Amino acid sequence: RDGEHVGYISGAPETLLTHARSILENQTTHALLETKKRELVQEYEKLAKVGYRIIGIAKKQFASTSIKKNTPQFLMQDNTFIGFAALRDPIRPDVASSIKSAQDAGIKTIMLTGDHRLTAKAIGQEIGFSTKDEAIMEGDELEKIADDDLAERIQSIEVFARVAPEHKMRIVKALQRHNHVVAMTGDGVNDAPALKSADIGVALGSGTDVAKEASDLILLDDSFSTIVAAVKQGRIAFDNIRKVTVFLLTGSFS
């Protein structure tokens, strides 16, 4: 446009706003003042508290000579903030009861999300997770904490927010250090390493081929309740095999 390139970027609004120098309002671009920035933060935090997923949108114009620098980091720096979209995915009605069933069966469920901490807290509270501050960890904190400290704290954490794909492997390994059998669900290409490193990788049926190939199981209906039902049937089968084995050994031995 007018001899320049325009790059658009979407992502976490707090990250885009940190690097923004201007804002587009009523088709006019002007400087982004700190007062306006605080208003925007309050607005998206208010929406996040009631469970909305917030996606920030920004743009940056640059000369043709800078086209090779067209990376997310380059586009974020001194961007023009456009606004944000607030979305809400309806929670399946059987999720809360399935998580409760899993907990009653001795299975610890952990929620990993790339969403804002407040969004994760609102959704977690709705489906039965602990939303105490010590039970929630963000990606930034995960970056700073050592593996030994993570392994020590992982037992009490139920929700991870603003998680990047590479964080998932660290979470899997931290749980395995406590001799847990870890099942990981995922659907993207970036989830493949975590799916592979988990004891049981579960790819979503709607996911990528890479995720499916890296997994042990494919969840055709993308429903968490199916996992719980499968565990129930598996335990019944295992229990029956054990009973038959004990019966046969007892009879043969005597």
Checklist entry - Among the residues of the stretch 149-165, is there at least one that is touching a residue at least 60 places away in the same chain (Cβ under 8 Å) and either in contact with a Gly (Cβ under 9 Å, 6 or more places away or on another chain) or assigned to a helix (DSSP H, G or I) (or both)? => result yes
Checklist entry - Counting only residues that are assigned to a loop (DSSP other than H, G, I, E, B) and either in contact with a strand residue (DSSP E or B) (Cβ under 6 Å, 6 or more places away or on another chain) or open to solvent by less than 60 Å² (accessible area, probe 1.4 Å) (or both), how many does the stretch 179-224 have? => result 11
Checklist entry - Is it the case that the stretch 21-28 has a residue that's without any contact (Cβ under 8 Å) to a residue 40 or more places away in the chain, open to solvent by less than 80 Å² (accessible area, probe 1.4 Å) and hydroxyl-bearing (Ser, Thr, Tyr)? => result yes
Checklist entry - What about Lys100, is it touching a residue at least 12 places away in the same chain (Cβ under 8 Å), in contact with a strand residue (DSSP E or B) (Cβ under 8 Å, 6 or more places away or on another chain) and either part of a helix (DSSP H, G or I) or farther than 23 Å from Met169 by Cα (or both)? => result no
Next on the checklist: Tell me whether the stretch 232-242 contains one or more residues that are out of contact with any Leu (no Cβ under 9 Å at 6 or more places or on another chain), of a type in the set (Gly, Ala, Ser) and either open to solvent by less than 80 Å² (accessible area, probe 1.4 Å) or over 20 Å from Ile110 (Cβ atoms) (or both).
Outcome noted: yes
Checklist outcome for this item: Among residues of the stretch 116-148 being within 23 Å of Ala85 (Cβ to Cβ) and not in a helix (DSSP H, G or I), the residue most open to solvent (accessible area, probe 1.4 Å) is Glu138
Next on the checklist: Looking only at the stretch 112-125, how many residues end up being within 13 Å of Glu138 (Cβ to Cβ) and of a type in the set (A, V, I, L, M, F, W, C)?
Outcome noted: 3
Next on the checklist: So, in the stretch 168-188, exactly how many residues are in contact (Cβ under 8 Å) with a residue 12 or more places away in the chain and over 14 Å from the mean Cα position of the chain (by Cα)?
Outcome noted: 10
Item to check | Members of the stretch 29-54 that are closer than 23 Å to Lys121 by Cα, among the aliphatic types (A, V, I, L, M) and surrounded by 16 or more Cβ atoms within 10 Å (Cβ to Cβ) | outcome: Leu40, Leu47, Ala48, Ile54
Checklist outcome for this item: Residue hits (the stretch 1-20; open to solvent by 60 Å² or more (accessible area, probe 1.4 Å), over 25 Å from Tyr52 (Cα atoms) and in a strand (DSSP E or B)) are Glu4, His5
Checklist entry - Going by the conditions given, is Gly51 in contact with a helix residue (DSSP H, G or I) (Cβ under 6 Å, 6 or more places away or on another chain) and in a loop (DSSP other than H, G, I, E, B)? => result yes
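The values are calculated or read from the model by the stated rules, or taken from the named source; none is laboratory data. Just so it is clear, the structure is predicted and the values come from calculations on it, not from any experiment. Here Cβ is always computed from backbone atoms with ideal geometry, including for glycine, and neighbour counts include all displayed protein chains. Just so you know, the surface numbers come from the protein's heavy atoms only, side chains and all, with ligands and any DNA or RNA stripped out. Shrake-Rupley method; radii C 1.70, N 1.55, O 1.52, S 1.80 Å.
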